[in-house]
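The numbers here are math on the coordinates, done by the rules we state, and not lab data. Every value quoted in this text rests on a predicted model; they were computed, and no experiment measured them. Methodologically, a virtual Cβ is constructed for each residue, glycine included, from the backbone with ideal geometry; neighbour enumeration extends over all protein chains shown.
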Amino acid sequence: MKKLVILCVFFIFSCSDNKNLEQVSYSEFKQEVLADQIAEVTFKSDQTTIIGIRIDGTKFETMKPMYISDEVLESALIENEVVQSYEALEQPSIKFQLLINALPIILIIIIPLLLLAIWAAYLASNRNQSKALWFFLTLIFPFAIVIIAFKDKVKK
């Protein structure tokens, strides 16, 4: 049990690589770039976070003001030959996009079917019949019709 706890603690601390970065203000970052003290910068995909490495090897993080173009900084990065890298935007998976796009169509089909099944179960209860049987028969019936219709088209 102790080994599991130690392993979990080690995993948590090893996954948090950005937590131990020195936080630097944007103006300090700009001054360090102009003073040629920065070796490498990575612009994150959120368009505000910049992670950098100084010439002495220390890492830092700063936040760039959004919607502000700093031409002085950009030219200083090029002049001082600072290695620049840009993190790509993470795209959601295709399966997730298909599910989100199909959700309205699925709801348009399922909600009326559920209402119809509830209505059939209500009618069955008034006639002293099985509510569950009529509920599930009402749900299965439209799908059975579709399957039979496609089965006949396939044979021809």
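Quick query: amide H of THR49 versus all other amide H atoms, modeled in the peptide plane; which residues come in under 5 Å with a sequence gap of 5 or more or a different chain?
Hits under the 5 Å cutoff: LYS44, LYS64.
What's the lysine pair count for the chain at a Cα cut-off below 23 Å, pairs eight or more apart or interchain?
Taking the chain as the scope, the lysine pair count is 9.
For segment 57-62, in order, what is each residue's ³J(HN,Hα) by Karplus, 6.51 cos²θ - 1.76 cosθ + 1.60 with θ = phi - 60°, in whole Hz (x at glycine and Pro)?
x, 6, 9, 8, 9, 9
Please compute the modelled spin-label separation between ILE53 and TYR122, points set 7 Å along Cα→Cβ, answer in nm with one decimal.
Here the answer is 6.8 nm between the modelled labels.
For a protection proxy built on the mean count of beta-carbon atoms within 10 angstrom, sort 115-125, 136-146 highest first, please. If you can, show how the numbers build up before the last one.
Numbers: 115-125: 15.1, 136-146: 13.1.
Answer by packing, highest mean first, reads 115-125, 136-146.
Apply the Karplus parameterisation 6.51 cos²θ - 1.76 cosθ + 1.60, with θ equal to phi minus 60°, to every residue of segment 104-109 and state each ³J(HN,Hα) to the nearest whole Hz, in sequence, with x for glycine and proline.
Using θ = phi - 60°, the values come out as x, 5, 4, 5, 5, 7 Hz.
What is the packing order of peptides 87-94, 52-59, taking the mean over residues of other C-beta atoms within 10 Å and listing the highest first?
Details: 87-94: 8.5, 52-59: 13.5.
In decreasing order of mean packing, 87-94, 52-59 become 52-59, 87-94.
How large is the helix-only mean residue ellipticity at 222 nm for the chain, computed as the sum of -39500 (n - 2.57) over DSSP H runs with n ≥ 4, divided by its residue count, in deg cm²/dmol to the nearest 500?
Calculated mean residue ellipticity at 222 nm is -19500 deg cm²/dmol.
May I ask you to evaluate 6.51 cos²θ - 1.76 cosθ + 1.60, the Karplus curve with θ = phi - 60°, for each residue of segment 32-43 and list the ³J(HN,Hα) values in order in whole Hz, giving x for glycine and proline?
5, 5, 5, 8, 6, 10, 10, 9, 8, 9, 10, 8
Per the Cauchy relation, a quarter of the hull surface: what is the mean projected area of the convex hull of the alpha carbons in the chain, in nm²? Working shown, then result.
Working: hull surface 86.6 nm².
Result: 21.6 nm².
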